[in-house]
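Beneath this line is the structure, given in structure tokens, with notes to follow.
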Amino acid sequence: MGDLTKVAAKSDLPSGASMLVEVHGQKIALFNSNGCYYAISDTCNHRGGPLSQGQVEGIIVICPWHGARFDLGTGRVQTPFGKDLPTFKVVIEDNDIKIEM
């Protein structure tokens, strides 16, 4: 198991919300989609848009700049532009949201 870093409290991220966190110098978009937590690189590799500000449809996040779509669970790109993004394991311990690096 990798290094666990607390990034937020569950109360900071209600269902349907997202936020930007930084862990070890990496910008990570954190999402709560219907009680399931996801962490993915915040920077869209198509044009650099902030995914933490994107719209979520189920487990797909849509880049707010040009519409690239990424699966929150796998990081796989769902559009013909962009490339797969790294995802990070989210661990919930009591009220803490932690990311494994």
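So here's what we get for this one:
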{"item": "Residues satisfying the stated conditions in segment 75-89, i.e. touching an Asp or Glu at 6+ places or on another chain (Cβ under 8 Å) and within 22 Å of ALA8 (Cβ to Cβ)", "result": "GLY75, PHE88, LYS89"}
{"item": "Single residue of segment 21-80 satisfying the filter (of a type in the set (Phe, Trp, Tyr) and free of Cβ contacts under 8 Å to residues at least 60 places away in the same chain) that is farthest from ASP3 (Cα to Cα)", "result": "TRP65"}
{"item": "Some residue of segment 26-35 being closer than 19 Å to GLY75 by Cα, open to solvent by 50 Å² or more (accessible area, probe 1.4 Å) and basic (Lys, Arg)", "result": "yes"}
{"item": "Residues (surrounded by fewer than 18 Cβ atoms within 10 Å (Cβ to Cβ) and among the hydroxyl-bearing types (Ser, Thr, Tyr)) located in segment 6-25", "result": "SER11, SER15"}
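The values are calculated or read from the model by the stated rules, or taken from the named source; none is laboratory data. Model, not experiment: these values are computed from the prediction. Heads up, the Cβs are rebuilt from the backbone with ideal geometry, glycines too, and the neighbour counts pull from every protein chain shown. The area values use the complete protein model at the heavy-atom level, side chains included, leaving out ligands, DNA and RNA. Shrake-Rupley method; radii C 1.70, N 1.55, O 1.52, S 1.80 Å.
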